[in-house]
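Q: The structure that follows is given in the form of structure tokens.
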Amino acid sequence: MPKPSEYAVHLFFSGGQREEVRFPTIEDFQNWYKSELKPKAQSEDFINVPIKNIQGEYMVARPSSIIAIRLEPVYTSSVDRF
């Protein structure tokens, strides 16, 4: 089975907004989730959400407003599918 090139993480917020951030590996996502998001799940304080593919840009979010997370493996190949 091919290995994903990266993982797109779709964050769904209580106000209806959606954001996508990307992680190079599933382990990077799991470490961020376990260390930043899960322990502060009910908090109204802002936490940093890593945006690794855009330099100089940062995103902060209130963990209590994240109502769903979708993790999507992204495969890059030599075949253009669009």
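The values are calculated or read from the model by the stated rules, or taken from the named source; none is laboratory data. In this text, all values refer to a predicted model and were calculated from it rather than measured experimentally. Cβ atoms come from the backbone with ideal geometry, glycine included; neighbour counts cover every protein chain shown.
Q: Just for segment 1-60: of the residues that are in contact with a His (Cβ under 9 Å, 6 or more places away or on another chain) and charged (D, E, K, R), which one is farthest from S77 (Cα to Cα)?
A: Once the filter is applied, the top-ranked residue is R18.
Q: Within segment 14-56, which residues are within 28 Å of K3 (Cα to Cα) and surrounded by fewer than 12 Cβ atoms within 10 Å (Cβ to Cβ)?
A: R18, E27, K34, S35, K38, N48, K52, I54, Q55
Q: Does at least one position in segment 6-16 carry a residue that is in contact with a helix residue (DSSP H, G or I) (Cβ under 8 Å, 6 or more places away or on another chain) and of a type in the set (F, W, Y)?
A: yes
Q: How many residues does segment 3-29 hold that are under 12 Å from I69 (Cα atoms) and assigned to a helix (DSSP H, G or I)?
A: 1
Q: Right, something else. Counting just the residues of segment 26-58 that are within 16 Å of A8 (Cβ to Cβ) and more than 11 Å from the chain's Cα centre (by Cα), which one comes out modelled with the highest pLDDT?
A: For segment 26-58, the residue satisfying everything is E27.
Q: Separate question: Please find, within segment 59-82, the residue that is nearest to P4 (Cα to Cα) out of those that are hydrophobic (A, V, I, L, M, F, W, C) and at pLDDT below 90.
A: Selected residue: V79.
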